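The values are calculated or read from the model by the stated rules, or taken from the named source; none is laboratory data. Computed from a predicted model, the values in this text were never measured in an experiment. Cβ atoms come from the backbone with ideal geometry, glycine included; neighbour counts cover every protein chain shown.
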Amino acid sequence: MKSDFGCPVQGTANVIAGKWKVLIVWQLSFGLRRFAQLRDLIYCRV
């Protein structure tokens, strides 16, 4: 992974980019979740 992105926004976008990461971060924004809870919440939406 590249350590110096130059732009903090681009660096953040690169870190959270991916199929599941955005959904996981969104679910965690509502509070702490156990792995099984995250799995069930994410798979229900797909």
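Values for this structure:
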{"read-out": "Extreme residue, farthest from LEU38 (Cα to Cα), among residues of region 6-28 that are assigned to a helix (DSSP H, G or I) and of a type in the set (Gly, Ala, Ser)", "value": "GLY11"}
{"read-out": "Enumeration of residues in region 35-44 that are surrounded by fewer than 10 Cβ atoms within 10 Å (Cβ to Cβ) and more than 15 Å from the chain's Cα centre (by Cα)", "value": "ALA36, CYS44"}
{"read-out": "Residue match in region 32-42 (condition: of a type in the set (Phe, Trp, Tyr), out of contact with any Phe, Trp or Tyr (no Cβ under 8 Å at 6 or more places or on another chain) and at pLDDT below 85)", "value": "no"}
{"read-out": "Residues satisfying the stated conditions in region 1-31, i.e. at pLDDT 85 or above and over 11 Å from the mean Cα position of the chain (by Cα)", "value": "PHE30, GLY31"}
